[in-house]
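First up is the structure itself, then whatever we jot down about it.
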Amino acid sequence: MVTFARNGIDNGFNLLLDAEVYDYAYTQSGSEGFIISILHQLDVPIMKSYGISINSGQASQIVVMPELIDTSYSAKRRFSPEERQCYFEEEMFLQHFPPEWSYR
């Protein structure tokens, strides 16, 4: 059986946060709540640039969509990884994210 991610509101990631609004400090947004940011696990989160404000007492839905880019074999061969500033799966293997554990 092949497992895969499914879409839809019932198949997403649910997170319940306790704001503890009795104990908060002043923020520029002027209200208590959270700022969340969805990034790659190795990216540095810069909340001011990438954060989304979530006020307490509300339900929020955030859509996350992957972007897959296909590249032709001739383009891969023409430019080196340094020139194109990216690596393909077969060009680099990461020590902590091995392909046998389904990382890509």
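Read the figures in this text as sums done on the coordinates, not as results from a lab. Just so you know, these numbers come straight off a predicted model, no measurement behind them. Backbone-built Cβ (ideal geometry, glycine too); neighbour counts: all protein chains shown.
Gain in length, Glu20 to Ile35, computed as 0.36 nm per residue apart minus the alpha-carbon separation, to one decimal in nm?
My answer for the length gained is 3.9 nm.
What residues qualify as long-range amide H neighbours of Gly33, i.e. H under 5 Å apart, gap of 5 or more or another chain, H built at 1.01 Å from N?
Close amide H contacts, sequence-distant or interchain: Ser56.
For the charge dipole of segment 40-89, defined by +1 on Lys and Arg C-beta atoms and -1 on Asp and Glu C-beta atoms about the Cα centroid, which residue among Gly51, Ala75, Gln41 has the Cα displaced farthest towards the positive pole?
Ala75
With a Förster radius of 41 Å, plug the Cβ-Cβ distance of Ile54 and Lys76 into 1/(1 + (r/R0)^6) and report the FRET value to the nearest 0.05.
Working: r = 41 Å, r/R0 = 0.99.
E(calc), rounded to 0.05, equals 0.50.
So if we plug the beta-carbon distance of Glu100 and Leu68 into 1/(1 + (r/R0)^6) with R0 = 35 Å, what FRET efficiency do we get, rounded to 0.05?
0.95
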